[in-house]
Each structure stands twice: as C-alpha cells, then as structure tokens.
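To start, the structure itself, in structure tokens.
The values are calculated or read from the model by the stated rules, or taken from the named source; none is laboratory data. Predicted, not measured: the structure shown is a model, and the values here were computed from it. Positions of Cβ are backbone-derived with ideal geometry, glycine not excepted, and every protein chain shown enters the neighbour counts. Surface accessibility is based on the protein's heavy atoms, side chains included, excluding ligands, DNA and RNA. Shrake-Rupley method; radii C 1.70, N 1.55, O 1.52, S 1.80 Å.
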Amino acid sequence: MVQHASFTNHIELLTACAACPNVLGRPVVGAVADARVMLVGQAPGPHEADSRRPFAYTAGRRLFSWMSDLGVDEATFRERVHISAVIRCFPGKDAKSGGDRVPDDEEIARCGAHLDREITILKPKLVIAVGTLASQQLIGIAQLKDAVGRMHRAKRAGRTFDVIVLPHPSGRSTWLNKRENATLMRESLRLIGAHPAFAATFAK
Ligand code: SF4
C-alpha cells in the first residue's frame, strides 16, 4: 500500500515535469505500480509523444516481436513491466542526421532523478536496458558489443539489480545486420526469458 502511494506520487510528479526547455511534448511513461521488471529505453519519439505511450510505433513493433519470441504478447508486457527511459520527453529531431536528437547531459541528469526515484520505489530485480544510451547510463558500457548477450549487475539509487541489454529496435539501427551481433541479441533474449524475475512476472 505504501509502495502504491509512493508510486502514484512519483507518477504525478513525473507527468507534471516540465524542467527541460529543449524537449517537446509531455513526459511519457508505461507505469506499472508493482513491477519487478523495468525496461529503460532512450527517449520517446514523436509518435510516443503524441500518444503518451512508450514504444508505440515501429521500434515498438520490433521490440514486442522480440518479446513474443519469449511467449509474452504486447498487452501482457505493458501490463506487467514498468516502461521507463533515460529521458521521458521527446528530444526533437537532430538537424544533421534527421533522426531523434540524443538527449544532452543536463537532460539526462535531470530526468535521471525520476529514474532513481522509480528504482527506489519499485526495487526491480531485473532492468532491461534498450539501446546504447540506456546501457551507458545503467552499466557504464556504451559499446553494444560489450554489453549485449551477457548479464550485468548494477547499483543505482541504493538498489542492486540485474541488467540485460538489448540493441535499440529502431529501424535506423544497423547493428543487428551483422550475424555476430544478432547472435548476441538472441543471447540477451534467452537471458531475459530465463531470469527468475521475468519468469515470475509472466508465470500467470
Ligand atoms: S525529459 Fe525528464 S526531466 Fe526533462 S522535462 Fe521531461 S520528464 Fe522532466
């Protein structure tokens, strides 16, 4: 009950946050009050900002197809896994690349306080980090080849938890085109499916 009250307060604080001047739209979060598994992405894109729903577009279709390989459909995943991100607002487009802008250090630090609070309240046993930036923030490894395909242990906000990294499912990423990288990704998926917190989350 205490956890639910703290979590509700946290979500109210988060969804009202307007601390970053250069982001667009409102914060996006897939809130699950009693989750023991969290997923941390990079930042919402424009479609997510419009719908206020994380992984609502093409990257989501790919991510949820990976989860369906583990026997978990999208609706059940959204019901049971708290979906978070390094920053919760759409950063806007990068003028040079045309892709979504990578959040800057100040935005990451500011929004990191929301992530810390979530970790303190939810006490996750497993965090699935999606993409380079989430990997860097959670385990300090920015190279996917060094992060994907193995189990990591992380400490943050006074809690210790397992971290498994997946590459970003965006169609812009070409990382998975290499066979050895696809093998690492399959190993990450295997580790996620075998993790006791993931298994318990989807046991019924
Ligand atoms: S990115 Fe995070 S810290 Fe910045 S305004 Fe959005 S919710 Fe607040």
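Things worth noting here:
- Portion, in percent, of the accessible area of the chain that falls on carbon or sulfur, probe 1.4 Å: 52 percent
- Directionally averaged projected area (the range 2-201, Cα convex hull): 10.4 nm².
- Label zone (Asp50, point 7 Å along Cα-to-C-beta; backbone nitrogen cut-off 19 Å) within the range 74-89: 89.
- Rotationally averaged projected area of the range 1-90 (alpha carbon convex hull; nm²): 6.0 nm²
- Charging the Cβ of each Asp and Glu at -1 and of each Lys and Arg at +1, and nothing else, the dipole of the chain about its Cα centre rounds to 380 debye.
- Rounded to the nearest 20 debye, dipole of the range 48-105 from Cβ charges on Lys, Arg, Asp, Glu: 100 debye
- Remark: spin-label model distance Asp73-Lys123 equals 3.2 nm, labels positioned 7 Å along the Cα→Cβ axis.
- GNM flexibility winner over the chain from Lys123, Lys93, Lys178 (Cα, springs under 10 Å): Lys178
- Taking 21 Å as the straight-line reach from the Cα of Lys178, the lysines in range (excluding those fewer than 8 positions away in the same chain) are Lys145.
- Residues Glu12 and Asn177, FRET efficiency given R0 of 35 Å [Cβ-Cβ distance, rounded to 0.05]: 0.25
- Per residue, the accessible area of the range 2-201 comes to 47 Å², computed with a 1.4 Å probe over protein heavy atoms only.
- For the chain, the 222 nm mean residue ellipticity estimated from helices alone, with every DSSP H stretch of n ≥ 4 adding -39500 (n - 2.57) and the total spread over all residues, rounds to -13000 deg cm²/dmol.
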